[in-house]
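Enquirer: Here you go, one structure.
All of the numbers you see were taken from the coordinates with simple rules; none came from a lab. None of the values given here were measured: they were computed from a predicted structure. All Cβ positions, glycine included, derive from the backbone under ideal geometry; neighbour counts span all protein chains shown.
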Amino acid sequence: MANVEKFEIQTTARNQMIDITKYVEMAVKKSGVKNGICVIHIPHTTAGVTINENADLDVCDDIIFHLNTLIPNLKTFKHFERNSDSHLKSSIIGCSQTVIIENGELLLGRWQGIYFCEFDGERHRKFFVKIIEG
Amino acid sequence: MANVEKFEIQTTARNQMIDITKYVEMAVKKSGVKNGICVIHIPHTTAGVTINENADLDVCDDIIFHLNTLIPNLKTFKHFERNSDSHLKSSIIGCSQTVIIENGELLLGRWQGIYFCEFDGERHRKFFVKIIEG
Amino acid sequence: MANVEKFEIQTTARNQMIDITKYVEMAVKKSGVKNGICVIHIPHTTAGVTINENADLDVCDDIIFHLNTLIPNLKTFKHFERNSDSHLKSSIIGCSQTVIIENGELLLGRWQGIYFCEFDGERHRKFFVKIIEG
């Protein structure tokens, strides 16, 4: 129970949402915990994690499209790596999510999936899953 | 303590913030937990939950007004349900909040209330409250 | 373990990001907890907390610069205190963060720091750290 499950993924575009729900479910099953909470953490400053629609993939495309409109890669940004847009997206979407566990399952809505959000790919990335029983 | 409290509410506008603090407080009281944390989860992909000012209701109006300006319902969105604006608002505000419990009370600031955020109403909605002692 | 660590800081600008990682680390050390999670809560409605780059401070400047562009202090806002921009920024960035604790340390990425976000300073502010073992 004290373990943190660590996963690795390869992203394939600069901006991309990847459904990681099944990996989080695997971590819950492996823990054997029936009731508690689950924290998903992204250890990167140009990526994030969100929960959104798991049915029509056009939703992810629309989310990324409009985030890019709101937060373009401005020439006036000072950061020398030229990816401050990616950093701001990370802070707006957030780098962690907490999900309730009930009866050994993630207590998500019918249409909710957990998405790794790449904002500065393509990159080799990690995410962590920690389960607290209670 | 292993229970999840489940609440239902009816929203009455497409975009709306509803103060649910008293329901979360009820769940804390019912649990009898004196110290720990409390996770509020919204199982919908076009709604969210935030913590903000509980005194002047104009703050909620201003928040909704400017969110609508930033994230209009664009005709260029691809999602067939025509509510990608609602989905993006949900990911930006977030579908869960975690609050500290101290001495049997939510440890909120004096002006902080917990708000259910409807972004695609009017709808019949749910929210969940899970308490972890510790 | 049931204690909440409470910190106070003085901000010095209307919009400002202040690295508070070392204070959160202190709370973890003091607790003696080796494995669990840590909730950082800001009890204010015009401030927030985020996790982002801890190396090049230009990233914080760029984040604040573009947040100000996206969310100006509009004359059309109704709230009598004339700081609805600060409230919206607080809800978009969020007023709490949850971080995993592993082997007595915050499980952050190499470039991740925890930042108190002032959106309506300069002000005397507080933040709370609660640790859950598990």
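Enquirer: Using a 7 Å offset from Cα along the direction of the beta-carbon, what are the separations from C:Pro72 to the same position in each other copy, nm, ascending?
Expert: 1.6, 1.6
Enquirer: How far is the Cα center of region A:1-26 from the Cα center of region C:115-134, in Å?
Expert: 28 Å
Enquirer: Further question: How far is B:Gly104 from itself in the other copies, in nm, if each label sits 7 Å out from Cα along the Cα-Cβ line, shortest first?
Expert: So the distances to the same position in the other copies read 3.6, 3.6 nm.
Enquirer: Separate question: Hey, which of these cross-link pairs are over 26 Å Cα-Cα: B:Lys6/C:Lys22; B:Lys130/C:Lys34; A:Lys126/C:Lys6; A:Lys126/B:Lys78?
Expert: Numbers: B:Lys6/C:Lys22 37 Å; B:Lys130/C:Lys34 24 Å; A:Lys126/C:Lys6 32 Å; A:Lys126/B:Lys78 30 Å.
In this structure, B:Lys6/C:Lys22; A:Lys126/C:Lys6; A:Lys126/B:Lys78 lie more than 26 Å apart at Cα.
Enquirer: Using the 7 Å Cα-to-Cβ label point, sort the distances from A:Ala13 to its equivalents in the other copies shortest first and give them in nm to one decimal.
Expert: From this label point to the equivalent ones elsewhere in the assembly: 3.5, 3.5 nm.
Enquirer: Can you tell me how the protein assembly as shown classifies by the Cα gyration tensor, rounded, prolate or oblate, using a/c under 1.5 as the rounded cut?
Expert: rounded
Enquirer: Which residue, C:Thr45, C:Thr69, C:Thr11, tops the fluctuation ranking in a GNM of chain C built on C-alpha contacts under 10 Å?
Expert: Of the options given, C:Thr69 has the highest mean-square fluctuation.
Enquirer: In peptide C:108-120, how many Cβ atoms from other protein chains are near each Cβ within 10 Å, on average?
Expert: 2
Enquirer: Give the residue list of trypsin sites (Lys or Arg not before Pro) in region C:1-87 that are DSSP loop and have at most 16 other beta-carbon atoms within 10 angstrom. Could the numbers behind the result be given before it?
Expert: Values: sites: C:Lys6, C:Arg14, C:Lys22, C:Lys29, C:Lys30, C:Lys34, C:Lys75, C:Lys78, C:Arg82; in loops: C:Arg14, C:Lys34, C:Lys75, C:Lys78, C:Arg82.
For trypsin sites (Lys or Arg not before Pro) across region C:1-87 that sit outside H, G, I, E and B with at most 16 neighbouring Cβ atoms in 10 Å, the list reads C:Lys34, C:Lys75, C:Lys78, C:Arg82.
Enquirer: As I understand it, the dipole of region B:2-133 uses +1 on the Cβ of Lys and Arg and -1 on the Cβ of Asp and Glu, about the Cα centre. Which of B:Asn68, B:Val33, B:Leu57 lies farthest toward its positive end?
Expert: Ranked along the dipole, the leading option is B:Val33.
Enquirer: Also, quick follow-up: Looking only at other chains, what is the average number of their beta-carbon atoms within 10 angstrom of each beta-carbon in A:72-79? List each step's numbers first, then the result.
Expert: Details: counts 1, 0, 4, 0, 4, 7, 7, 10.
Other-chain Cβ atoms within 10 Å of each residue's Cβ, averaged: 4.
Enquirer: Quantify how strongly other chains surround peptide A:54-61 by giving the mean number of their Cβ atoms within 10 Å of each of its Cβ atoms. Mind showing how you got there, number by number?
Expert: On the way: counts 1, 3, 6, 2, 7, 13, 4, 4.
Mean partner shielding for this stretch: 5.
Enquirer: Which GluC sites (Glu not before Pro) in region B:90-134 sit in a loop by DSSP (not H, G, I, E or B) and have at most 15 other Cβ atoms within 10 Å of their own Cβ?
Expert: Here the sparse-neighbourhood loop sites are B:Glu122.
Enquirer: On full extension of the chain, what length is gained from C:Ala55 through C:Lys6, given 0.36 nm per residue of separation minus the C-alpha to C-alpha distance?
Expert: 15.0 nm
Enquirer: Which whole-number percent is the relative contact order of region C:2-133 (Cα, under 8 Å, 6+ apart)?
Expert: The normalised contact order for region C:2-133 reaches 54 percent.
Enquirer: Tell me the chymotrypsin sites (Phe, Trp or Tyr not before Pro) within region C:26-117 that lie in a loop according to DSSP and have at most 12 other beta-carbon atoms within 10 Å.
Expert: In loop regions of region C:26-117 (DSSP not H, G, I, E or B), the sparsely surrounded chymotrypsin sites (Phe, Trp or Tyr not before Pro) are C:Phe80.
Enquirer: What is the dipole size for chain C, taken about its Cα centre, with +1 at each Lys and Arg Cβ and -1 at each Asp and Glu Cβ, in debye to the nearest 20?
Expert: 500 debye
Enquirer: What's the magnitude of the charge dipole for the protein assembly as shown around its Cα centre, counting Lys and Arg as +1 and Asp and Glu as -1 at the beta-carbon? Answer in Debye, nearest 20.
Expert: Dipole size: approximately 500 debye.
Enquirer: Between C:Phe80 and A:Glu122, what is the label-point separation in nm under the 7 Å Cα-to-beta-carbon projection?
Expert: Placing both labels 7 Å along Cα→Cβ, they lie 5.8 nm apart.
Enquirer: In whole angstrom, how far apart do the alpha carbon centroids of region B:70-111 and region C:47-77 sit?
Expert: 19 Å
Enquirer: With springs only between Cα atoms under 10 Å, which of C:Gly32, C:Gly113, C:Gly48 fluctuates most in a Gaussian network model of chain C?
Expert: C:Gly32
Enquirer: In addition: Classify region C:2-133 from the C-alpha gyration tensor, please: rounded if a/c falls under 1.5, else prolate or oblate depending on whether a/b exceeds b/c.
Expert: Taking the square roots of the gyration eigenvalues as a ≥ b ≥ c, region C:2-133 is prolate.
Enquirer: Once every DSSP H run of n ≥ 4 in chain B is given -39500 (n - 2.57) and the sum is divided by its residues, what mean residue ellipticity at 222 nm do you get, rounded to the nearest 500 deg cm²/dmol?
Expert: Working: 3 runs with 34 residues, N = 134.
Taken over chain B, the calculation gives -7500 deg cm²/dmol.
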